[in-house]
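Take a look at the structure set out below.
The values are calculated or read from the model by the stated rules, or taken from the named source; none is laboratory data. These figures come from a predicted structure and were not determined experimentally. Here the Cβ is made from the backbone with ideal geometry for all residues, glycine too, and neighbour counts use every protein chain on show. Side chains are part of the model used for accessible areas, which takes the heavy atoms of the whole protein and leaves out ligands, DNA and RNA. Shrake-Rupley method; radii C 1.70, N 1.55, O 1.52, S 1.80 Å.
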Amino acid sequence: MTERVLPLVVRIERSAPPQRTDALEAAATAVVRLLDRAQDRAQDHAEGRAGDRAEEDGGEWSDEVAEWQDGRIRKVVRRARGAEWRRALALPGITVTVRTAEVRVHPPVPLDDWPRDLARLQVSGTDLSDDATPPEAGAGDVVLWINPGLEMTAGKAMAQAGHGAQFAWWGAGEADRAAWRERGFAVRVRTADPAGWDALAASGLPVVRDAGFTEIAPNSATVVADAPWLRVGVPEV
C-alpha cells in the first residue's frame, strides 16, 4: 500500500496574513469537506451514478482518500502567496474560506511524490496570531480543543485541528453528518482552559495524539474533538 499524506495549503500574503484561529478553522473544515466529497463520489460509483455530474474536483478521489485513511492520516501544511497560491488553485482540490483565512486541501498524495507546485512550497513561516480573543463556542458547535500546554506553529496546529475534525467526522452518523453539512461543516477551534484540559483529555471524547515527526514529542495529546454526537455517554466536563 502506498503511504499517502494530505496536503493543506494556507494563503499567507505579506500584507494581509490571516488570523490564526481563522486558519485553524478553515483547515479543519477543509478536511471534512474532502472526506464528504470522497464519500459522495464513492457512493456514486457503487450505485452506478459516476457520470451524472461534472468532475469539478478534477478527478476521482475516493481511492486515494480510502488508501490514506487506512494509514496514518498524516497531514502537512504549507504556505503560499501570490503566484504560488494561484498555482495551488490550478491543482485539484477544495478551497475553504473562513473570515480572513483561505485554505486549500488537495487529494492525498504519495509521501515521496508530491506534485511539483506543492512540493516547492515552504512548511516554515506559518507563525500566525489572533488580534482578539475568539468568542466562546456555542452548545451545539463542533469544537476542537487545543492543548494549552503545547507550543505549536499555526501550520502544526492546523494539521492537528484537521485530525480532530476527522475524528468528529468518523464518529458522526448519517443524520449528524447531514446536519453538519447544512452548516457548511463549520467548526470552532479554541484553546482549552489549562485547568480543564486534563478533564477534557480523560473524558472519553476523541483525543488526537501526535506521531512526533515535528515540533512536539511523540504521543503528545494535541486536540480533543467535541461534538453533540460524541458526547453520548461522556461525563460533562
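Quick rundown of the values:
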{"read-out": "Test: residue in region 101-111 that is farther than 24 Å from GLY184 by Cβ and not in a loop (DSSP other than H, G, I, E, B)", "value": "yes"}
{"read-out": "Of all residues making up region 125-167, the number that are open to solvent by 30 Å² or more (accessible area, probe 1.4 Å) and not hydroxyl-bearing (Ser, Thr, Tyr)", "value": "19"}
{"read-out": "Residue tally, condition touching a strand residue (DSSP E or B) at 6+ places or on another chain (Cβ under 6 Å) and either surrounded by fewer than 20 Cβ atoms within 10 Å (Cβ to Cβ) or in a strand (DSSP E or B) (or both), over region 68-84", "value": "7"}
{"read-out": "Evaluation of ASP52 against (1) part of a loop (DSSP other than H, G, I, E, B); (2) modelled with pLDDT of 95 or more (one fails), failing number", "value": "(2)"}
{"read-out": "First in region 81-92 and under 18 Å from PRO18 (Cα atoms), second anywhere and of a type in the set (A, V, I, L, M, F, W, C), Cβ under 8 Å, 6 or more apart", "value": "ARG81/ILE12; GLU84/LEU121; TRP85/VAL9; ALA88/VAL9; ALA88/ALA80; ALA88/LEU118; ALA88/LEU121"}
{"read-out": "Pairs where the first residue, in region 7-26, is in a helix (DSSP H, G or I) and the second is of a type in the set (S, T, N, Q), C-beta under 7 Å, 6+ apart", "value": "ARG20/SER129; ASP22/THR100; ALA26/THR97"}
{"read-out": "Residues of region 145-171 satisfying the condition of being small (Gly, Ala, Ser), within 24 Å of PRO135 (Cβ to Cβ) and not in a helix (DSSP H, G or I)", "value": "GLY149"}
{"read-out": "Residues of region 64-108 satisfying the condition of being at pLDDT below 95 and among the small types (Gly, Ala, Ser)", "value": "ALA66, GLY71"}
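Listed here are the residues, each with its yes/no results for (1) open to solvent by less than 60 Å² (accessible area, probe 1.4 Å); (2) free of Cβ contacts under 8 Å to residues at least 60 places away in the same chain.
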site: PHE185; (1), (2): yes, no
site: ALA202; (1), (2): no, yes
site: VAL208; (1), (2): yes, yes
site: ILE216; (1), (2): yes, no
